[in-house]
Amino acid sequence: DVGCGNGNTLVGLITDFSNSKVKADGIEINTRNALISKIRLSLCGNVFGNIIVDDYLTAKIDGKYSFITINMPFGLHVTPMKRNELNSFNKTYGFEWNITPASSSEWIYVNKALGLLSDNGRIALLTTPTPLFKTGDLKLRKDLVENNLIEYVIEMPVGTYPGTGINYSLIILNNNKKDDKV
């Protein structure tokens, strides 16, 4: 769980697999939230995993995951200097995208997650609709479509995201789709 906060998503997902041994990892930049998430995860019983306290974009994360959730920080801005740093050194990304200032920051998160995804894995991404329509994101979206990764794009009703009145989208990427439908 990228940006796992206080563990709501992790605990919710683990509850669905209560009869199985589950490995669940999270990453959170806020130390207090990461501690809360660690405590909540430890109370889930048949679970093993780790909560990493770090910046997801620069953290070295080993392993492959079958399911990755990303709850994008709405309004995230990555400076051009940080974008250049991420473009140049990070070899864990799925695509060799040049993330320019015209590109939405969300794709940096997605690209890193694609590099961490197992062959049969999925990504669930909550984001504002901007990266789905912005002209600067056209090539990135095209790569996802041409590589048959987009399974669902669901525009959620305005006001259903807790604490905000903005609209947002749920995007499901699938590394092992059986058809070419979106």
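The values are calculated or read from the model by the stated rules, or taken from the named source; none is laboratory data. Remember, it's a predicted structure, so these values are computed and weren't measured experimentally. As a convention, Cβ positions derive from the backbone with ideal geometry for all residues, glycine included, and neighbour counts pool all protein chains shown. Note: areas computed on protein heavy atoms with side chains; ligands, DNA, RNA excluded. Shrake-Rupley method; radii C 1.70, N 1.55, O 1.52, S 1.80 Å.
Numerical summary
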| read-out | value |
| --- | --- |
| Choice from Asn111, Asn71, Asn167 showing the highest fluctuation, given a GNM over the chain with Cα pairs closer than 10 Å | Asn167 |
| Heavy-atom accessible area per residue - segment 1-75, 1.4 Å, Å² | 57 Å² |
| Residue pairs, from the table Lys38/Lys82; Lys134/Lys178; Lys112/Lys142; Lys64/Lys177, whose Cα atoms sit over 25 Å apart | Lys38/Lys82; Lys134/Lys178 |
| Surface share of carbon and sulfur [accessible, 1.4 angstrom probe, percent] for the chain | 55 percent |
| Alpha-carbon spread of segment 1-69, three principal axes, descending order, Å | 34, 26, 16 |
| Max mean-square fluctuation residue, GNM over the chain, Cα-Cα springs under 10 Å, options Ile51, Ile108, Ile14 | Ile14 |
| Candidate values [x] 26, 19, 18; [y] 78, 13, 10; [z] 22, 18, 17, label of the one derived for semi-axes √(5λ) of the Cα gyration tensor in Å | [x] |
| Charge dipole magnitude, Cβ of K and R +1, D and E -1 - segment 71-182, Cα centre, debye nearest 20 | 140 debye |
| Neighbourhood charge, 15 Å Cβ-Cβ cut-off, centred on Leu138 and excluding it, Lys, Arg +1 and Asp, Glu -1 | 0 |
| Net charge contributed by nearby residues that have their C-beta within less than 13 Å of Val53 (K/R +1, D/E -1) | -2 |
